[in-house]
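Encoded as C-alpha cells, the structure appears first; notes follow it.
The values are calculated or read from the model by the stated rules, or taken from the named source; none is laboratory data. Nothing here was measured: the structure is a model prediction, and the numbers come from that model. Note that we place each Cβ from the backbone using ideal geometry, even for glycine, and neighbour counts take in every protein chain shown. Surface accessibility is based on the protein's heavy atoms, side chains included, excluding ligands, DNA and RNA. Shrake-Rupley method; radii C 1.70, N 1.55, O 1.52, S 1.80 Å.
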Amino acid sequence: MVFRVLVFAAALLSAATASAQCTGDGVQLYPAPGGIVPTNMRLLLEGVGTAKSPVLGLVGKPLKLVSTDHEVKLKVTKGWESSLGRATVILKLAEPMQPDKRYFLNLTEVLPNVSLLNGQVGAQPSWLSGKGPDAKAPKWVKRPAVSEGFIRRSPQGIARFVKLNLALREESPAFLVVKLSPRRLGLSPQQYLLPVQGNTAYLGHEACGGAFSLEDGRSYRARIEAFDAAGNLAPSTPPVDFEAPSAQGP
C-alpha cells in the first residue's frame, strides 16, 4: 500500500524547517566532529555544491588521522553520489585508533579554502576515541515508516521532503543508505546517504540541491539499509512505499 503523505505548507516543525533550508557549499563529516567514536570508526566525507567535485577527487589519495603520539592512515573510496549536487566518500582506517585519544583530520591539506559545514569554524575537525571497537550491528526497534511530508517555498525554489520515523538500538551515530526507485518503469533509481537525527531522517531535497530528487506527487519505493559509525549493518527491512508531497495540496 502506498502511504499518502500530508503536506504542511505553513506551520512546519523546527527540524523540518531546518531541513528545508539551503545548506550552502562546503563539506560535512559523519560522525560529526567533536563526539566520542569507536576505535574502528569509519568516516564519511560529504561534498556539497562546489565542494562535490573536489571531494570526489580525493578517492585514492592518502589521508590520515593524527593524535599527539599516533597516526592512522585513511583509505578514501567512493561512496554515493546525488544528482542534486552532493557526493560522499568513505574514509576507512588502515588500523584502529588507540583508546581515549583525540584524533585530528587536517582537511586543509587536501581541500584548501573549503568550508566545514558541521564543525567548529576555524578549527581542525577532531574526535575522541572511545574504549574500544564497535563490533555489534544495530538492531531495529521500529522499522522505518513515512509519517508525513512537507513542501516549503522560498525565493530559491521549492524544498520537498518526507519524514522517516524509525528507532535503532545502537550507541554510535547511525546512518541510512536509501535506494529510491520510482514506481513507474524505465526511470533510474537514486541511491544516497541519510544521517539519522534522533529517531528521524529526512528524505528529499532543498530548494537548491540535496540528497534525493522528489517529483510532485510521484510514487516511490525506498529500500533502506542502516549502519553505525563502524560500518556494522542492521538486519534488512521491508521497503517503504510512499507518494511525494504535491505542491497542489492533499
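Quick one: in region 139-174, which of the residues that are touching an Asp or Glu at 6+ places or on another chain (Cβ under 7 Å) and of a type in the set (D, E, K, R) is farthest from Arg218 (Cα to Cα)?
Among them, the one singled out is Glu170.
So which residues in region 88-126 are under 17 Å from the mean Cα position of the chain (by Cα) and not β-branched (Val, Ile, Thr), if there are any at all?
The first filter runs over region 88-126 and keeps only residues under 17 Å from the mean Cα position of the chain (by Cα), leaving 88-92, 116-119.
Passing the criteria: Leu91, Lys92, Leu116, Leu117, Asn118, Gly119.
Residues that are on the phi > 0 side of the Ramachandran plot, surrounded by 16 or more Cβ atoms within 10 Å (Cβ to Cβ) and touching a strand residue (DSSP E or B) at 6+ places or on another chain (Cβ under 6 Å): does region 201-214 have at least one? It would help to see each step written out before you state the result.
The initial filter retains those residues of region 201-214 that are on the phi > 0 side of the Ramachandran plot, namely 204, 209-210.
Checking the rest, the ones that are also surrounded by 16 or more Cβ atoms within 10 Å (Cβ to Cβ) come to 204, 209-210.
Cutting the leftovers down to touching a strand residue (DSSP E or B) at 6+ places or on another chain (Cβ under 6 Å) gives us 204.
Checked against the condition, which is being on the phi > 0 side of the Ramachandran plot, surrounded by 16 or more Cβ atoms within 10 Å (Cβ to Cβ) and touching a strand residue (DSSP E or B) at 6+ places or on another chain (Cβ under 6 Å), region 201-214 yields at least one hit.
Yes or no, residue by residue, for (1) in contact with a His (Cβ under 9 Å, 6 or more places away or on another chain); (2) touching a residue at least 24 places away in the same chain (Cβ under 8 Å); (3) farther than 26 Å from Gly209 by Cβ:
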residue	(1), (2), (3)
Gly34	no, yes, no
Thr50	no, yes, no
Leu84	yes, yes, no
Lys101	yes, yes, yes
Gly119	no, yes, no
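Working only within region 27-62, note down all residues that are part of a strand (DSSP E or B) and modelled with pLDDT under 95. Even if it seems obvious, please write down each step before you answer.
Narrowing region 27-62 to residues part of a strand (DSSP E or B): 27-30, 36-37, 42-48, 62.
Answer for region 27-62, where residues must be part of a strand (DSSP E or B) and modelled with pLDDT under 95: just Pro62.
Identify, please: which residue in region 215-233 is open to solvent by 40 Å² or more (accessible area, probe 1.4 Å) and over 27 Å from Ala137 (Cβ atoms) and is, among those, nearest to the chain's Cα centre (by Cα)?
Filtering region 215-233 for residues open to solvent by 40 Å² or more (accessible area, probe 1.4 Å) gives 215-216, 218, 221, 223, 225, 233.
Those still in the list that are over 27 Å from Ala137 (Cβ atoms) too: 215-216, 218.
Values: Glu215: 21, Asp216: 23, Arg218: 23 Å.
Checked region 215-233; the qualifying residue nearest to the chain's Cα centre (by Cα) is Glu215.
Within region 156-195, work out how many residues are at pLDDT below 95, aliphatic (A, V, I, L, M) and within 18 Å of Arg86 (Cα to Cα).
Matching residues across region 156-195 total 2.
Residues in region 170-184 that are of a type in the set (A, V, I, L, M) and more than 16 Å from Pro239 (Cβ to Cβ): how many? First the steps, then the outcome.
Let us first name the residues in region 170-184 that are of a type in the set (A, V, I, L, M), namely 174, 176-178, 180.
Narrowing the set further to residues that are more than 16 Å from Pro239 (Cβ to Cβ) leaves 174.
Of the residues in region 170-184, 1 are of a type in the set (A, V, I, L, M) and more than 16 Å from Pro239 (Cβ to Cβ).
Would region 140-150 turn up any residue that is surrounded by 16 or more Cβ atoms within 10 Å (Cβ to Cβ), closer than 21 Å to Ala87 by Cβ, of a type in the set (A, V, I, L, M, F, W, C) and not assigned by the TED database to the domain that holds Gly49?
Going residue by residue through region 140-150, those that are surrounded by 16 or more Cβ atoms within 10 Å (Cβ to Cβ) are 140, 143-144, 146, 148-150.
Still in the running and closer than 21 Å to Ala87 by Cβ: none.
No, region 140-150 contains no residue that is surrounded by 16 or more Cβ atoms within 10 Å (Cβ to Cβ), closer than 21 Å to Ala87 by Cβ, of a type in the set (A, V, I, L, M, F, W, C) and not assigned by the TED database to the domain that holds Gly49.
Do you know which residues across region 179-192 are buried (at least 21 other Cβ atoms within 10 Å of the Cβ) and touching an Asp or Glu at 6+ places or on another chain (Cβ under 8 Å)?
Tyr192
Can you list residue pairs whose Cβ atoms sit under 7 Å apart, with the first residue in region 87-99 being within 16 Å of Gly132 (Cα to Cα) and open to solvent by less than 20 Å² (accessible area, probe 1.4 Å) and the second being β-branched (Val, Ile, Thr) and part of a strand (DSSP E or B)? Count only pairs 6 or more apart in sequence or on different chains.
Met97/Val72
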